[in-house]
Amino acid sequence: MGARKKIPQEELDRLKRSVSVADLARLRGIELAPHGKDLIGLCPFHADHSPSLVITPENNLWHCLGACDKGGSVIDWVMKAEGVSFTHAIELLRHHDTALIHANTGKPVVKLQIKKLPSPIEKGADDYKALRQAATYYHETLLTS
C-alpha cells in the first residue's frame, strides 16, 4: 500500500478561509437568517423543524445545536454533506473552491469530476445492520481483490 501524501497545513488553512460555509449552506437551499453575529437556519443533516444550524461567518465555522450535534470547518461540512472522506473533501474543495464561492453569481458552475461512491451501508441502518453490511462489503471486496 502506497504512502499517503500529507496535505500541507497552509493549504488546509487557505481552503478554510477561501470557501464560505454560509455559501455552501445556501447552495444546498438552506435559508439563513441573521442572529447577532451569526447566521441560523435549518440543519440539512437531520429532520429539523426549528433552526438549529448556527454558522459563524467571522470564524467560518458551523455547528448544529439540534439532533445531530455536528459542526466544524468547511472541510467538515463537505465531508458530512457529500458523504466523503477527509482527503476526498479536500480534493473537492481544491478543484472547485472558486466555483463554489461564485455559484450564485450566474456564471456556469463547474461540474464535479470526482464520482461519489455509493455507501455500502443503508442510510438509517441500526448499529447491528450497519456492522453486518460493512462486514459483508469488506468481505466481498477482499474476495475480488
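Rundown of residues vs (1) part of a strand (DSSP E or B); (2) open to solvent by 40 Å² or more (accessible area, probe 1.4 Å); (3) touching a Phe, Trp or Tyr at 6+ places or on another chain (Cβ under 6 Å); (4) polar (S, T, N, Q), yes/no style:
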site: L15; (1), (2), (3), (4): no, no, no, no
site: A22; (1), (2), (3), (4): no, no, no, no
site: A25; (1), (2), (3), (4): no, no, no, no
site: E31; (1), (2), (3), (4): no, yes, no, no
site: H49; (1), (2), (3), (4): no, yes, no, no
site: N59; (1), (2), (3), (4): no, yes, no, yes
site: I75; (1), (2), (3), (4): no, no, no, no
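Among the candidates V54, V109, single out the residue that is β-branched (V, I, T), more than 10 Å from the chain's Cα centre (by Cα), surrounded by 13 or more Cβ atoms within 10 Å (Cβ to Cβ) and modelled with pLDDT under 90.
Residue meeting the stated conditions: V109.
Taking only pairs six or more apart or across chains, which ones have beta-carbon atoms under 6 Å, a first residue in region 118-136 that is outside any helix (DSSP H, G or I), and a second residue that is of a type in the set (S, T, Y) and surrounded by 12 or more Cβ atoms within 10 Å (Cβ to Cβ)?
Pairs that qualify, where the first residue is outside any helix (DSSP H, G or I) and the partner is of a type in the set (S, T, Y) and surrounded by 12 or more Cβ atoms within 10 Å (Cβ to Cβ), are P120/Y137.
Assuming T87 fulfils every condition listed in (1) of a type in the set (V, I, T); (2) under 14 Å from the mean Cα position of the chain (by Cα); (3) at pLDDT 90 or above apart from one, which condition is it?
(3)
Going through region 18-73 one residue at a time, which ones are in contact (Cβ under 8 Å) with a residue 60 or more places away in the chain and not acidic (D, E)?
Step one: of region 18-73, the residues in contact (Cβ under 8 Å) with a residue 60 or more places away in the chain are 18-20, 23-24, 26-27.
The answer is S18, V19, S20, L24, R26, L27.
The values are calculated or read from the model by the stated rules, or taken from the named source; none is laboratory data. Values in this document were obtained by computation on a predicted structure and should not be read as measured data. So basically every Cβ, Gly included, is an ideal-geometry build from the backbone, and we count neighbours across all protein chains shown. What goes into the accessible areas is simple: the full protein's heavy atoms, side chains included, and nothing from ligands, DNA or RNA. Shrake-Rupley method; radii C 1.70, N 1.55, O 1.52, S 1.80 Å.
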